[in-house]
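All remarks here apply to the structure that follows.
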Amino acid sequence: MNRKDVSKVWLTDTGISLRLKDGRCAEEPFAKYGRLANADASQRENFILSHFGIHWPEIDEDLSYEGFFK
């Protein structure tokens, strides 16, 4: 799974969600990841979609796309 499989990424109050082009959706809660749990809203909103996952440069956190579906 890589960036070309992802159609949408969005934040909720409690986590980050993604939708794949095949229609599958998944969410990971911020509480599961210490750096995301302790980040403020602007830090959480500052993410980059890389080839294999989501990166937050300000807090040095990474989540793989595949990890959302395990």
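Please treat every number below as a calculation from the coordinates, not as lab data. Note that this is a predicted model, so its numbers are computed, not measured. Every residue, glycine as well, gets a Cβ built from its backbone with ideal geometry; the counts of neighbours run over all protein chains shown.
Observations
- Multiplying the residue separation of Ser50 and Ala26 by 0.36 nm and subtracting their alpha-carbon distance yields 6.9 nm.
- Matching label, Cα Rg over 2.2 N^0.38 Å computed from the structure shown, candidates [x] 1.73; [y] 1.02; [z] 2.82: [y]
- The H on the amide N of Gly53, modeled in the peptide plane, is under 5 Å from the matching H of Tyr65, each at least 5 residues off or on a different chain.
- Other residues whose C-beta falls under 12 angstrom from the C-beta of Gly23 contribute a net charge of +2, scoring Lys and Arg +1 and Asp and Glu -1.
- In Hz, Karplus ³J(HN,Hα) per residue of the stretch 3-19 (6.51, -1.76, 1.60; θ = phi - 60°; x = Gly, Pro): 3, 5, 7, 8, 9, 7, 10, 8, 9, 10, 5, 10, x, 10, 10, 9, 10
- Once backbone amide H atoms are built at 1.01 Å from N, Val6 has Lys21 as its partners under 5 Å, excluding neighbours fewer than 5 places away on the same chain.
- Mean Cα-pair separation over length for the stretch 3-69, i.e. relative contact order, pairs under 8 Å, 6 or more apart, %: 23 percent
- Contour excess over end-to-end distance, with Cα ends at Met1 and Lys70 and 0.36 nm allotted per residue: 23.6 nm
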